[in-house]
Each structure stands twice: as C-alpha cells, then as structure tokens.
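For reference, the structure discussed in these notes is given below.
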There are 2 protein chains.
Amino acid sequence: MSLVVQKFGGTSVGSLERIQNVARRVKKTREAGHSVIVVVSAMSGETDRLIGLGKSIAESRRPRARELDVLVASGEQVSAALLAIALNDMGVPARSMLGFQAKIRTDEAHTKARIKSIDGEALRKAAEDEVIVVAGFQGADERGNITTLGRGGSDTSAVAVAAAVKADVCEIYTDVDGVYTTDPNVVPTARKIDRISYEEMLELASLGAKVLQIRSVGLGMKYGIPIHVRSSFSDAEGTVVTREDELLESVVVAGVAADKKTVKVTMRHLKDRPGVVAKVFGALAEANVVVDMIIQNVSLEGHTDLTFTVSSEDADRARDIANALAAELEVADVILDDDVVKVSIVGVGMRNHAGIAARMFQLLADEGINIEAISTSEIKTSCLIRAKYAELAVRVLHEGFIG
Amino acid sequence: MSLVVQKFGGTSVGSLERIQNVARRVKKTREAGHSVIVVVSAMSGETDRLIGLGKSIAESRRPRARELDVLVASGEQVSAALLAIALNDMGVPARSMLGFQAKIRTDEAHTKARIKSIDGEALRKAAEDEVIVVAGFQGADERGNITTLGRGGSDTSAVAVAAAVKADVCEIYTDVDGVYTTDPNVVPTARKIDRISYEEMLELASLGAKVLQIRSVGLGMKYGIPIHVRSSFSDAEGTVVTREDELLESVVVAGVAADKKTVKVTMRHLKDRPGVVAKVFGALAEANVVVDMIIQNVSLEGHTDLTFTVSSEDADRARDIANALAAELEVADVILDDDVVKVSIVGVGMRNHAGIAARMFQLLADEGINIEAISTSEIKTSCLIRAKYAELAVRVLHEGFIG
C-alpha cells in the first residue's frame, strides 16, 4: 500500500461527466489499496471567467490583488466540492480541503504566492481514512488571507503536497499522454519518453510546458518526488520524471526543443573597456531580466558589438535598460531581433559523451543553417538560428540523435 | 459616528452593475462618517445553480451535506470579493471576510447550521480602518469545516454580526421598500409601516417573509438591534423593526395577514378519556410538528372530534402520526383539509384594548364568513376560515382596523 497524490487539471474536471470519470479513476486507485490525495484545478474556463468578472467590476481594470485571490480561489473550491460529492456518492469516503484547511501556508504575494509550508502529517493521517480532495492553486498566508499561486499553480500544489506527505508518486493527469522527444506536430516520429530526469525536464521546459508547470519540476527534484505525467482519458503509462539514478539507462539526447520566445538584443559599437559588460548585465540582473546567450565580437578600434538573448516577455525591458546605458557607454544603436529561434538538445548522457556539440553544429551546417550564438551546459547544447529554420533544425537534430 | 451593518440580498448584487450600485451606497454611508460592515448574499440564481450542480453530480441526488456547503459557500465568496474589488476601485478601502475569517462559529449541522459565536471585537476593530465585506449565509464549525445557515441565512448572518459588533443598526436592503400593513396586491390602501416592534414582526411573519427572514427578527429582539428593512433601489426610509418602547405610539392593529400555508387535521370519533389529547400532541411535538390552533368538540357518548392546524409542510407527517395512533385511540377517520386560511390581526396595542377580538369576529360575520377555529395571543388574534374568503377577510379587517 502506498500514498499517491493525483492531480487533475482544468480539462480533466471540465464538466460534471468528466468529474465523474475522475472519481471513478480515484476509486480504482483506492480499491487497489492505495491512500489517495487528489489535487484539482478549477473547471476549464472558470479561472478566466472569474478574472474577467474581477477586471470588469473595477473601472481601473486593476482589481485589488487580495480580493482577486478570494474571487479566483472559488473556482477550485467548486471543483473540489463536486469531486468530493461524486466520490461519496460512489461509496468512496472523501472530503474536500481548501488551501487554508489543508494548511497550505504561503507568503503574502497575492496572485503569485509561494508555498512556505504544508502540514503534511495531518494530511497524511487524514488520507488514511478518506480520499482528501485538495483545492489546488490556493493557500493562505500567516494571517489567514486567501492567496493563489499564480497560473498553473495546481501542479505546484500537487507536488508540494506530495513532498509534504512523503507520497510515493505524484501523478499529473492532463489531456496529453506524456512528454515527447520533440513536438510531434513537427516530427511525426517523435516518441513518448517513458522516464526522464528532473534536470532534463527542466531543460526541456518548452517541450513540457503544455503538460507540466516547470515550477513544479524543481520542487519534485528538491524533495525527490517522482512525477508521473499521464492522460486522464486513458490508462496508458505516461512519462515519469524522476532522479537520474532511477533511469534505466541514460540516453545521450533525451529530447530536442525549439524555443521561439527568444529575442536577440544587440548593442552596437559599444565602448570596449573593463567593467562595461559587467555594468550592462548588472543592470539587467537588477531588473530581473534573465539573460540567456551572450556573444561579444572582437574589439575593433576600442569598440565592439555586444549581443545577448532574453525571453520575449523581457525584451522591452531589456531594450529600455540598454538604451538607458547607451549615452554613457557610447553605444551607437540598440537593435532588437525577434526573428530567431533557439534549438536545443538535452540529455544527461551528454556528460559522458564527447563531441555531441560538434555533431550538432555539423548537422545544422549540413542543412546550410547558420548558427548565430551558442550556449552550453553539462546536459544541454543550444544554438540560436533564424526562425524560419526552426522546424528543419528540429527534424534533423531529432533524426540525428534520437532517430 | 456610528457603526452600521448593511446587508444586501441576491437581487441587490445580481449583476456587476448592481454590485457597483451597492458599492456607491456603501461609499456614501462611509463618507457620512460611519463605520460599515457589509453582509452579502450570493448573486441571485447562483445558490440554486450551485445546488443544482451538486445534485446533478450525485447519482443519488443526495450530495454529502458537508461538501454541498463547501460548494454553495463559493457563491457568497464571489459576491463578497466582487464588492470588495468595486469598493477599493472607488477609493474606499475594503476587505472581504469569509465565514471562517470573520470567525462566525457555528454548530456542525451542515446546510442548516446555527451560529454559536462571532468574534465581534475583532470585526469592530477591523471596521474602523476599512469597510468589511462579510460573506453571508456561511460560517465554520469548531474543526474549521465550512457550514451554511440554510436558506435566507444571510439576514441571520447580518443581524448576528450586528449583535456581535454592537452595531447601531442593521440595515437589510432588499427589492421592496419595507413591510406593509397587509399585502398591497390584495388591499391597495395598504400602507408601509414606519416602525414596528419585534413581537409584531414575528407575528406578521407571512407579511414580512418576502423582505426579511423571520429567524433574524428573533435574533434582533434578543440583542436589541434595530433592523431597518429598506429598498436597495431608492433612498427612501423603509420599516424599522425595533423595541416596543422605541415606537412613537403603539397602534392597536399594526397589520393584517393571511396565512394560506395552513392545513386542518381532524381526528374523527376519538375516544374521549383522560390523557388522550396529551398523547396526540405529545407525539406531534416529538416529531417537531408545530400545532397552531386546537378545537375539541363536546363529547358525545364517550367520543369526540379533535381538530388542529399545522403548517402545510408538516401536514403529511401530522397525518402519519394521527394514523399511527388511530387504532389505540379508536379514531374512526383522519381527515386533512387544506382548503382553509388563517387570517390574523396583530398589534401590541391590543394588550390595552378590550373587545378587539370581538370586533374582528363581528367584521367577519357581517360578510357571512364562518369562523372554524380561533387562536389568540396577547398581541394577535387569528381566525381559521374557508380559503375562498381570504382576500375578502383581509380587506374588511384592514378597512375595519387600519383604514
């Protein structure tokens, strides 16, 4: 007998019929002799509807965050209660717990709170007698104010609950059947990954983004909770995200991803003297702009071009910061280029295999794809290329490394 | 400066525009220098919608009460949050408080809980700085389970909160402008009552039922909180329910009411011996059936007919109990008659005026209306008559006593 946390997203609880399906699945797990804690999202569309109401009633369109949280938290309250009703009606003792009842203590950052603690002992004990249905996405701060964890927060709730109760596994039910080696819409031969390490999953964020909030992966890694991403519409096994040493064999390249949400920023004709680069990246860091790739050209007559990439959400802020420094650093021009894409290969096996990066460059070169920037980590190599080559690059890399 | 509790019902918060109207009204009260605690119902139709969902998802159509409360409580949560958002957006600092946050402690009777205590001191203090918007109709039991007070419970929430914080007045905003001397649809000359005592209001329950949950009147009486029933769509004064000694003058008859929800039960040919009547009414009391009027005919050859009235909701239970006793008490027949109506005149001034009852009987007799049963209290006289005479009786009594 084990303790399982099962998380069902908005689509999985999107109608009364689907909630009943979820109840049947939970019942089956319970009947197999396991204790179950369920974490639910709001019914699909409900969170958007509630946020819409909150914005509509404020003429400023900026509802007070504390109250927006109270409003939005009602969405998961409804789905948790409905699932608990369905379970009880099927003869499975179940009780709902809202964030404050499950003692999911968060900080006070309304609409994007972070979990500080959960009373795992009480939850674990409660789950011995009944299925506990926890309203995802929500918690309460020290004073009892209702908080929400921000978009996709139900995955984080689920993994945090799993960590607190020391669950054997955290199952994330969603509308796809797992994580793929690359986007199947681009590469028809893409395969479902059976097992993948936390580190790889983090690096493949863009592949997993549709099935799993990446924030929850870090949490799973920290507490060693296996995360099983699987379909709520079938019984097939999905993808288990787990510790590297739990993988049967470490493949060299686990997945190929393309990130289109990347923007190249170039500061042209920058004065090349000590401390200049530190000043630029210091200012960016201070503004919470995460810089990904950096290229600095050879200095020519005391000036150089500095190029870096940021995510598209941060692009405007990065440009403002670059422009603010332009006069002082004698920058001729700040240029934004969003017609680029970052393709990456990821795999823990890369650590033990030399020449993987070189082979990647060769595969791209063979197709005449120019590489504009490169970044590497122990388990990932990324190349910045023109956006129009995105699909082509993914295809040749998938074929070259995965098959 | 005073402390005012304002309660807004489902119709008053039935749309975003109406919630903004409520916010403007609250703002005005606040700007007049008063502290305000608002109690809100769910948006009209929402409670029914949620109960419908809860019943639909349970194939038994009997959702677990604990979970139904969690589900339904989300309705007031939404309206409380929306009103708090609207207020803040208008520059009026406001915060919502759900039942558990306002420390509205109830017993554990889900879907019909009773309030045991409220932390009035904390609420009063909180209301000094901000408008407090309390979600009506809900509370939490000792273990933190969410409970609801049953239908119309928001009025009870409001008066209970007003009592706990020692408010100067509890204003109940609704879609009519007060309590009338009788139903204006029956008697066009019916007048709005400016002030009425708690006792009279309790006796006139059927007149006030559309504007005020009668359960809250008893609470107001117990704690001496004036209840001001008024329209949320106008600024006109409504009806103040208050202590008798606060009335300017005690009228003889404050109102005339007709109660159609009454059923006459007759046990025919009952064995007439000591203890029989006690046995009947003892059994009824044990089953929580409230008996209103009682008539016992003269005994004939050791047998009699026993007639009593009960509310129509209790009629079936009353018949079952009467039938269960039939053999033992040699009852020939149990007859239910719902073609009756109880007309009542109510007024604290009746205490000091002789002959009011006699005049009532005469007014009815003048119209040829037969009186089938009579019950009296210090401030009320009621007659049971054929249902078809209901409107006629109300008209002649209103004209005879009120004008």
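Can you find a residue that is under 25 Å from A:R95 (Cβ atoms) and touching a Ser or Thr at 6+ places or on another chain (Cβ under 6 Å) anywhere in region A:158-170?
yes
Going by what's in this entry, would B:L212 be described as in a loop (DSSP other than H, G, I, E, B), closer than 24 Å to B:V290 by Cα, of a type outside the set (V, I, T) and not assigned by TED's automatic domain parsing to the domain that holds B:L384?
yes
For region B:88-198, which fully contained strands (runs of 3 or more DSSP E) count at least 3 residues that are within 30 Å of B:A254 (Cα to Cα), in the same structural domain as B:Q213 (by TED's automatic domain parsing) and out of contact with any Phe, Trp or Tyr (no Cβ under 8 Å at 6 or more places or on another chain)?
Strands (runs of 3 or more DSSP E) meeting the threshold: B:169-174, B:195-197.
Examine region A:353-373 for a residue that is among the small types (G, A, S), closer than 21 Å to A:Y198 by Cβ and out of contact with any His (no Cβ under 6 Å at 6 or more places or on another chain), and state whether such a residue exists.
No: zero hits.
Test each condition in (1) out of contact with any Gly (no Cβ under 9 Å at 6 or more places or on another chain); (2) over 25 Å from A:A164 (Cα atoms); (3) assigned to a helix (DSSP H, G or I) for A:L50 and report the one that comes out false.
Every listed condition holds for A:L50 apart from (1).
Check off (1) under 15 Å from the mean Cα position of the chain (by Cα); (2) of a type in the set (G, A, S); (3) under 28 Å from A:L50 (Cα atoms); (4) surrounded by fewer than 20 Cβ atoms within 10 Å (Cβ to Cβ) for A:G218 and give me the number that stays unchecked.
All conditions are met except number (3).
Conditions: (1) over 23 Å from the mean Cα position of the chain (by Cα); (2) touching a residue at least 24 places away in the same chain (Cβ under 8 Å). B:A42 meets all but one. Number of the miss?
Of (1) over 23 Å from the mean Cα position of the chain (by Cα); (2) touching a residue at least 24 places away in the same chain (Cβ under 8 Å), only one is false for B:A42: (1).
Please work out which residue is modelled with the lowest pLDDT, limiting yourself to region B:293-321 and to residues that are closer than 22 Å to B:S377 by Cβ and surrounded by fewer than 17 Cβ atoms within 10 Å (Cβ to Cβ).
That would be B:Q296.
Quick check on region B:333-347. Is at least one of its residues modelled with pLDDT of 90 or more, surrounded by fewer than 16 Cβ atoms within 10 Å (Cβ to Cβ), more than 23 Å from B:H269 (Cα to Cα) and of a type outside the set (S, T, Y)?
Checking region B:333-347: not a single residue is modelled with pLDDT of 90 or more, surrounded by fewer than 16 Cβ atoms within 10 Å (Cβ to Cβ), more than 23 Å from B:H269 (Cα to Cα) and of a type outside the set (S, T, Y).
Take region B:84-99 and flag every residue that is more than 7 Å from chain A (Cβ to nearest Cβ) and over 26 Å from the mean Cα position of the chain (by Cα).
Hits for region B:84-99 are B:L87, B:M90, B:G91, B:V92, B:P93, B:A94.
Residue under question is B:V70, and the condition is that it be in contact with a strand residue (DSSP E or B) (Cβ under 9 Å, 6 or more places away or on another chain) and within 11 Å of chain A (Cβ to nearest Cβ); does it hold?
Against the criterion (in contact with a strand residue (DSSP E or B) (Cβ under 9 Å, 6 or more places away or on another chain) and within 11 Å of chain A (Cβ to nearest Cβ)), B:V70 qualifies.
Given the conditions (1) surrounded by fewer than 18 Cβ atoms within 10 Å (Cβ to Cβ); (2) in contact (Cβ under 8 Å) with a residue 60 or more places away in the chain, which single one is not true for B:A162?
(1)
Give me the pairs: first residue in region A:54-65 and more than 7 Å from chain B (Cβ to nearest Cβ) and at pLDDT 95 or above, second residue surrounded by 14 or more Cβ atoms within 10 Å (Cβ to Cβ) and in a loop (DSSP other than H, G, I, E, B), beta-carbon distance under 9 Å, and six or more apart or on different chains, which are they?
Filtered contacts from region A:54-65: A:K55/A:P63; A:A65/A:A109; A:A65/A:H110; A:A65/A:T111; A:A65/A:K112.
Being assigned to a loop (DSSP other than H, G, I, E, B), at pLDDT 95 or above and farther than 14 Å from A:V134 by Cα, is that true of even one residue in region A:3-12?
no
Considering only region B:315-372, state which residues are of a type in the set (V, I, T) and either farther than 30 Å from B:G255 by Cβ or not assigned by TED's automatic domain parsing to the domain that holds B:G302 (or both).
B:I321, B:V331, B:V334, B:I335
Return the residues of region B:367-403 that are among the small types (G, A, S), assigned to a strand (DSSP E or B) and more than 21 Å from B:A190 (Cα to Cα); say none if nothing qualifies.
Listed by number, the residues that qualify are B:A373, B:S375, B:S377.
Answer yes if at least one residue in region A:323-330 is under 28 Å from the mean Cα position of the chain (by Cα) and buried (at least 17 other Cβ atoms within 10 Å of the Cβ), and no otherwise.
No, there is no match, as no residue in region A:323-330 is under 28 Å from the mean Cα position of the chain (by Cα) and buried (at least 17 other Cβ atoms within 10 Å of the Cβ).
Being farther than 25 Å from A:Q20 by Cα and either crowded, with 20+ Cβ neighbours inside 10 Å or free of Cβ contacts under 8 Å to residues at least 12 places away in the same chain (or both) is the filter here, so list the residues in region A:230-244 that pass it.
Once the filter is applied, which keeps residues that are farther than 25 Å from A:Q20 by Cα and either crowded, with 20+ Cβ neighbours inside 10 Å or free of Cβ contacts under 8 Å to residues at least 12 places away in the same chain (or both), region A:230-244 yields A:V240, A:V241, A:T242.
Checking A:E237 against (1) touching a helix residue (DSSP H, G or I) at 6+ places or on another chain (Cβ under 9 Å); (2) of a type in the set (D, E, K, R); (3) outside the structural domain of A:E399 (by TED's automatic domain parsing): exactly one of these is not met. Which one?
Condition not satisfied by A:E237: (1).
Of all residues in region B:1-31, count the ones that are without any contact (Cβ under 8 Å) to a residue 12 or more places away in the chain and away from chain A (no Cβ under 14 Å).
Going through region B:1-31 one residue at a time, the tally reaches 2.
Inside region B:267-366, counting only strands (runs of 3 or more DSSP E) that do not spill past its ends, which hold 1 or more residues that are under 30 Å from B:L247 (Cβ atoms)?
Correct list: B:291-296, B:303-311, B:340-346.
Does region A:221-256 hold any residues that are of a type in the set (S, T, Y) and within 16 Å of the chain's Cα centre (by Cα), and which are they?
A:T239, A:T242
The values are calculated or read from the model by the stated rules, or taken from the named source; none is laboratory data. Because the structure is a prediction, the values reported are computed rather than measured. We place every Cβ from the backbone using ideal geometry, glycine too, and count neighbours over all the protein chains shown.
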